[in-house]
Amino acid sequence: MLTDVKPEVSSQAKSAQVHFDEPPPLDLRYEVLHKPAPEMWEAMMKVTPGMANAGQDRFVNELEAMAAEMTGKEAALFLPTTTNGTVLAHMKSDLRGKQVIMESRCHIYWVEALHVSDLAGAAPRLIKGENSGMMPLDEIEAVLTETAYGYQIPTGMIDLENTHNVYGGTVITQKYTEQVSELAHRYGSEVFLDGARVVNAAVAQDVPVLALTEPVDHVVISLNKGLGAPLGALLCSRADLIADAKLMAKRTGMIAIHKAGIFAAAGIIALTKMIEGLADDHARAHRLASALSDLDGLYVDMDSIQTNMFRVSTEPIGKTALELGERLAVHGLGIHVLEPQAFKMSLCYAIDDDMVDQAIDIFKKVMPEMQ
């Protein structure tokens, strides 16, 4: 049965976040709110930039080749953001007048301003996932084969998100990725993977990134989220799509990054040095989540704690996440409000064990005040 899903964020609270005049001392809102690792700065300072747009920057070339090999694709394109890669993949995939299947709470639908419709001419078709971002396979197939009044709406693409942001960094498995890709290809559709944190997903499941990306047609990977680079993402796909995407990126200014090699050097460090620390980020996230789940007034689904981020419900205490966030901010702790009664916390290389202890102590101090 297909599901019409209403947003779980009220219009009143859609943009509600705690205001900070400057970053809080203990910022667990989002990975991109931290400085790059020292090794990245060192690598960046050694770069003599080349003409990246003409293919004459060895750092950009090396990074793109590394990403293509890692994901099992023919080619890759270095871009400023993962959204750039998502937009380009959809614009160059012949989606106009077709539908794109996506999970009902995915980042592409809720955060990226419906570029799927505005720029690619496609209609989003939402299917509710199973508290993990994995849409039921039978419902996907029902959409792919659905007819009404003698007509069938063609499906051009299925979008996956791994890890899934709103569900709290939950992972999509290799088997599921393969099953969705087989379904899509059987019915003449393609699969796009929003893999902003797919490296976290691979580490959490102890599989190579290739296992989660090779089955899909296109994937975009972020360098500046869990991996900590100052800028950048990589769109990986067929050589012909990358060539078309590069032309479109040039026309729209997406690859007009002067001195791109400086940022690519940090990206190389991200893919070669930062992956080894992700398991520690996951362990710290689990320890923090476990401590919060023991506090009266908060609920954490511990089965969902799989990577470096997690969601927490304030429903047991009857307060909004924004109210709690404002009290935590007084003590220098930042959280990210997801929904009226849910917030997210994200850990990364910049958050160590002592900082996790500090966060736990702040929650222990604040929660009794909220009663």
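The values are calculated or read from the model by the stated rules, or taken from the named source; none is laboratory data. Note that the structure is predicted; figures quoted are calculated from it, not measured. Reconstructed Cβ throughout: ideal geometry from the backbone, glycine too, with neighbour counts over all protein chains shown.
Could you please give the count of residues in segment 305-342 that are among the polar types (S, T, N, Q), crowded, with 18+ Cβ neighbours inside 10 Å and closer than 24 Å to Asn200 by Cα?
Of the residues in segment 305-342, 3 are among the polar types (S, T, N, Q), crowded, with 18+ Cβ neighbours inside 10 Å and closer than 24 Å to Asn200 by Cα.
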Revision key, fill the gap. Selection from segment 54-86 of residues of a type in the set (A, V, I, L, M, F, W, C), in contact with an Asp or Glu (Cβ under 8 Å, 6 or more places away or on another chain) and surrounded by 24 or more Cβ atoms within 10 Å (Cβ to Cβ) yields Ala76, Leu77, Phe78
Review point. For the subset of segment 1-32 comprising residues that are at pLDDT 50 or above and of a type in the set (Asp, Glu), which member is surrounded by the most Cβ atoms within 10 Å (Cβ to Cβ)?
Key: Glu31
**Study point:** Flag if Met135 is crowded, with 22+ Cβ neighbours inside 10 Å, farther than 22 Å from Arg251 by Cβ and under 16 Å from the mean Cα position of the chain (by Cα)
**Key:** no
Point to revise | Verdict on Lys46 being of a type in the set (Lys, Arg), surrounded by fewer than 24 Cβ atoms within 10 Å (Cβ to Cβ) and more than 23 Å from Ala184 (Cα to Cα) | key: yes
Check your understanding: What are the residues in segment 226-252 that are within 25 Å of Tyr30 (Cβ to Cβ) and not hydrophobic (A, V, I, L, M, F, W, C), if any?
Key -> Gly226, Gly228, Pro230, Gly232
Review point. When you look at Trp41, is it at pLDDT below 95 and of a type in the set (A, V, I, L, M, F, W, C), yes or no?
Key: no
Review point. Could you list, in sequence order, the residues of segment 241-278 that are more than 12 Å from Leu223 (Cβ to Cβ) and among the polar types (S, T, N, Q)?
Key: Thr252
Exercise for review: Consider Glu190 carefully, then state whether it is under 19 Å from the mean Cα position of the chain (by Cα) and of a type in the set (D, E, K, R).
Suggested key: no
Practice item. With the checklist (1) of a type in the set (A, V, I, L, M, F, W, C); (2) surrounded by fewer than 21 Cβ atoms within 10 Å (Cβ to Cβ); (3) more than 23 Å from the chain's Cα centre (by Cα) in hand, flag the one item Ile275 doesn't pass. Key: (3)
Check your understanding: Looking at Ala75, Ala120, Ala67, which one is under 24 Å from Thr170 (Cα atoms) and in contact with a helix residue (DSSP H, G or I) (Cβ under 9 Å, 6 or more places away or on another chain)?
Key -> Ala67
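Each row is one residue, and each column tells you yes or no for (1) farther than 22 Å from Leu183 by Cα; (2) of a type in the set (D, E, K, R); (3) under 18 Å from the mean Cα position of the chain (by Cα); (4) surrounded by fewer than 21 Cβ atoms within 10 Å (Cβ to Cβ).
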site: Ala89; (1), (2), (3), (4): no, no, yes, no
site: Lys92; (1), (2), (3), (4): no, yes, no, no
site: Lys98; (1), (2), (3), (4): no, yes, no, yes
site: His107; (1), (2), (3), (4): yes, no, yes, yes
site: Leu114; (1), (2), (3), (4): yes, no, yes, yes
site: Ser117; (1), (2), (3), (4): yes, no, no, yes
Practice item. Go through segment 290-304 and give me each residue that's surrounded by 20 or more Cβ atoms within 10 Å (Cβ to Cβ) and free of Cβ contacts under 8 Å to residues at least 60 places away in the same chain. Key: Val300
